[in-house]
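The values are calculated or read from the model by the stated rules, or taken from the named source; none is laboratory data. Just so it is clear, the structure is predicted and the values come from calculations on it, not from any experiment. Note that we place each Cβ from the backbone using ideal geometry, even for glycine, and neighbour counts take in every protein chain shown. Side chains are part of the model used for accessible areas, which takes the heavy atoms of the whole protein and leaves out ligands, DNA and RNA. Shrake-Rupley method; radii C 1.70, N 1.55, O 1.52, S 1.80 Å.
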Amino acid sequence: GSSRKPCNTLRRAFNREAVIVIAKRIVIGLCLVWCALGSVGAAAVQTVTVGSKNFGESYLLAEIAAQVLEAQGFRVNRKLGLGGTLICYEALKNAEIDLYPEYTGTLSQAVLNLPGNPDRTQINQVLADQGLELLAEYGFNNTYAIVVRDEQAQQLGLRRIGDLHQQTLIAAFSHEFLQREDGWPGLAQRYNLQQPIKGIEHGLAYQAIADGAIDVTDAYSTDGELQRYQLRILQDDLGYFPEYRAATLVQTSASPQLRQALAGLHNMLDESQVQALNGKVALQGQSFQQVAADFIRANASRLGLSEQDTAKIETLSGQSPWVGQLWGHFMRHLQLTGSALFAAIAIGLGISLLVYRRQRLAEIVVYLCGLMQTIPSLALLALMIPLFGIGFLPAIIALFLYSLLPIVRNAITALANTDPTLVRVSAALGLSGWEQLRYLRLPLATPAIFAGIRTAAVISIGTATLAAFIGAGGLGEPIVVGLSLNDTNMILRGAIPAAVLAIVVELVFAALERRVSPPR
C-alpha cells in the first residue's frame, strides 16, 4: 500500500502537468486564431494617415480627402496642422503620413528648386527619385499674392506689385514666404523693392493689416479672409509667381485602392469655389469638418459616392463638443510634459551625481545641455522627424532635451558648492563619500534642485504647445488651429489652460520643496 502512494502521487502530478500543457496549447491556439482573424480584418480595412500644413485651406483640403476616404471604407488617422511645407514633406518621405495636399509651385520652387514653371508631369519625374508622386490636380490655382487694404489701394492708386516701388509702406510677410525661393527674395529682386520688412505668422497678418499695424503682406489668392478684411490683390504684372495647382501628394507605393478612392477629387474645384469654402470657415465660423462634409454631400455623384457612402461621413453633430476636445488636449499635454519631465529628472540627477566631483567634466555636461537650449524649439522638433518620425515620441525627446539644462545646472552647482567647512567636519566624523552625499550634500542641495525642476516644468509646459506642429497634439492644437483661422477664442482655449497648468505645477513643486527641504 505504501508503495502505491508515490506512484499515485506521480500519476496525479503527471496528469496535472499534462492538463496544464494541453491548456497552454489551447490558449496559444486560440490566440493564434484570434490574431489571424484580426490580421484579416486589419487587411480588409486599410488605415491611412492624412496630414496637412498649418493654414486654413490645407486643413480644409485634407479634411475633404479624409472624409472621402472614410466614406469609401478607409480608416483615417488625422495629423493636421503640421508646421509648414518641409515638415509635411519629410513626414511623408519617412512614411509618418500617407498623404497631404500640396501645390505644384511650392514643390517646384520651395522644395525641389526646379527652374521655370514645370507642370505636374515634370515635377513627378523628379519626385519619383524620392519615392513620391503628385496625384491628379483638384482643378484650381492658389497662387501667392501680395495684398493691401482696398481703401489704401484706392488712395495711393495701387494696382500692381510694381506700384509698391516708390511707396514707404510697412511690409510684413509670413516667415515661410521670407525664406522661400519663390517668396520675398526673388520678388524683391524682380520688382526692385527695397523697403524694410519683418516676419509675422500668416494667420495673424490679416488682423494686423486690418488694424493698420502693417500695410502690405503676402496671401493666398483663394483665402476667405480676403473678403472678410476687404483686401486687394495687387496684379503680378511681371509674372513672378508660378502656378500653384493643388493636388494630393502621396508615396509612389500608395495602393491602387487609395488612388482610386481619391480619383474623384480630380478637377472638382475652381478658384471661386475654394474661396467660398474658405469663406465659410473664416467668415461664417463653420468648422473644417462641417464645410468638408457639406461639400462632399453636395458633390457626391461627381465624387462617385453613393448615399450609403455619404452616410458614413462624420458630421459636426458626431464630433465631441469643444469642452470634451479640450479635456483630451489637456490630458495629452500632461502626458507630454510629465513623461519628458520625469525622464529629465531621473537622467539629469543621475548625470549630476556622477560628474559633480569632476569640475571639468561637469562643465562639459552643463555646456552640452545648454547647447540644446540654443536650438529654436520648432527647429529641434523638425530635426526629430528624420530620426523618430512625427507624433508623441519625437515631442517627448525634444521636451526632455529642453528640460535637462535647469535640472543639471542647478544640481551640479548645488552639490559641488556645499560649504567646505561642513564637508571637512563630516569627513572628520568618519562619514564616507556616500554618507556625505546622503546626509549633507543632498539635503543642502534640495532647494536648488527643486528650483531647477520647477523651471524645467514650466519650460516643458510652454514648449509642449509647439508639439502640435509635428502631430503630437496637446494644448498647442487649438492654438495652431486658432492661428490659422485668426480665431482668438480658439487660441485662448489652448493658451489659458497651458498657463494655468504651469502655475499649478509651479505651486505643487514649491509645496513639495518645503516638505522635503531641511529646516533652517
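Things worth noting here:
- Unmet criterion (only one of (1) modelled with pLDDT of 90 or more; (2) open to solvent by 30 Å² or more (accessible area, probe 1.4 Å); (3) more than 21 Å from residue 86 (Cβ to Cβ)) for residue 165: (1)
So that you can scan it fast, the table gives a plain yes or no per residue for (1) of a type in the set (Val, Ile, Thr); (2) in contact with a Pro (Cβ under 7 Å, 6 or more places away or on another chain):
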site	(1), (2)
103	no, no
109	no, yes
112	no, no
115	no, no
143	yes, no
152	no, no
157	no, no
172	no, no
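- Single residue of 307, 363 found to be more than 30 Å from residue 489 (Cα to Cα), surrounded by 12 or more Cβ atoms within 10 Å (Cβ to Cβ), without any contact (Cβ under 8 Å) to a residue 40 or more places away in the chain and of a type in the set (D, E, K, R): 363
- Filtered by the rule that a residue be open to solvent by less than 10 Å² (accessible area, probe 1.4 Å), farther than 20 Å from residue 417 by Cα, out of contact with any His (no Cβ under 7 Å at 6 or more places or on another chain) and not polar (S, T, N, Q), the stretch 430-470 gives 456, 457, 461, 467, 468, 470.
- Test result for residue 260, closer than 23 Å to residue 83 by Cβ and either out of contact with any helix residue (DSSP H, G or I) (no Cβ under 7 Å at 6 or more places or on another chain) or open to solvent by 50 Å² or more (accessible area, probe 1.4 Å) (or both): no
- Just one of (1) within 26 Å of residue 97 (Cβ to Cβ); (2) open to solvent by less than 30 Å² (accessible area, probe 1.4 Å) fails for residue 231. It is (1).
- Pair list, Cβ < 6 Å and 6+ apart or interchain, from the stretch 368-394 residues that are closer than 17 Å to residue 408 by Cβ and open to solvent by 70 Å² or more (accessible area, probe 1.4 Å) to residues that are modelled with pLDDT under 75 and of a type in the set (D, E, K, R): none
- Where residue 364 falls short, out of the listed (1) in contact with a helix residue (DSSP H, G or I) (Cβ under 7 Å, 6 or more places away or on another chain); (2) among the β-branched types (Val, Ile, Thr); (3) modelled with pLDDT of 85 or more: (1)
- Taken together, the residues in the stretch 68-93 that are in contact (Cβ under 8 Å) with a residue 60 or more places away in the chain, over 22 Å from residue 383 (Cβ atoms) and either surrounded by 23 or more Cβ atoms within 10 Å (Cβ to Cβ) or touching a strand residue (DSSP E or B) at 6+ places or on another chain (Cβ under 7 Å) (or both) amount to 5.
- In the stretch 94-113, of all residues being charged (D, E, K, R) and more than 22 Å from residue 179 (Cα to Cα), the one that is modelled with the lowest pLDDT corresponds to 96.
- Residues in the stretch 476-518 that are surrounded by fewer than 19 Cβ atoms within 10 Å (Cβ to Cβ) and of a type in the set (Val, Ile, Thr): 488, 496, 500, 503, 504, 508, 516.
- Selection status of residue 257, under 23 Å from residue 54 (Cα atoms), assigned to a helix (DSSP H, G or I) and at pLDDT 90 or above: no
- Residue within the stretch 107-126 that is in contact (Cβ under 8 Å) with a residue 60 or more places away in the chain, surrounded by fewer than 21 Cβ atoms within 10 Å (Cβ to Cβ) and over 22 Å from residue 240 (Cα atoms) present: no
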